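Below is one structure, written out as structure tokens, with a few remarks after it.
Every number here is computed from the coordinates shown, using simple stated rules; none is lab data. What you are looking at is a predicted structure, and each value in this text was computed from that prediction instead of being measured. All Cβ positions, glycine included, derive from the backbone under ideal geometry; neighbour counts span all protein chains shown.
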Amino acid sequence: MSAARPVDIEVFSESIKRYFDVTTRKKASVRSAYLLDSAEPVVRCDYNGLINLEGGFRGSVCFSADRGLLTHVLLTIGESDYSDESHRDIVGEIANTLSGRARRHFGEALDISPPQSFAGRSQAVQPRASGRPVAIPIDWNGYEAWLVVHMEPRA
């Protein structure tokens, strides 16, 4: 299997930038992508939002962020509940944003799972594509997060 094209991966990084710009009115910047050493398609932060892909592609996309970044997002959008559940909800919402943009780019042939959100290492994430995942570091308001794209076109 061949890996996803850079333009396919860019759909997800553009989606994250747009999420922060629209939701928080503060721009996020995307740094240079790199291949992870591990086949596990996640950078383990405090919270992770994962969507699985099927159809024309198979794989997954994960947004990983630490509690501080997510707390700041919750504060910015006017939330007053900073529980673990609220942090899982917001990381899931961010992952859901990725789903919407992916649907517009890839079309109806791509099946996207509802987002799964989980804390740290509380859930095993099995690779759904071959090769090594691509990690995309994101900077927002002094915080760092990661977007991990691990996808390949179906034969």
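For a quick check of your reading of the filter: which trypsin sites (Lys or Arg not before Pro) in region 1-62 sit in a DSSP loop and have no more than 10 other Cβ atoms within 10 Å?
25
Helix-derived [θ] at 222 nm for the chain: sum -39500 (n - 2.57) over DSSP H runs of at least 4, divide by residue count, nearest 500?
Computed mean residue ellipticity for the chain: -11500 deg cm²/dmol.
Quick one: 3J(HN,Hα) in Hz for region 92-106, Karplus 6.51/-1.76/1.60 with θ = phi - 60°, rounded, Gly and Pro as x.
Running phi through 6.51 cos²θ - 1.76 cosθ + 1.60 with θ = phi - 60° gives x, 4, 5, 4, 5, 4, 4, 4, x, 5, 5, 4, 5, 6, 8 Hz.
Mind pulling the per residue volume of the convex hull built on the Cα atoms of the chain? Å³ is fine.
97
On a 0 to 90 degree scale, rounded to 10, what angle separates helix 67-76 from the longest Cα axis of the chain?
60
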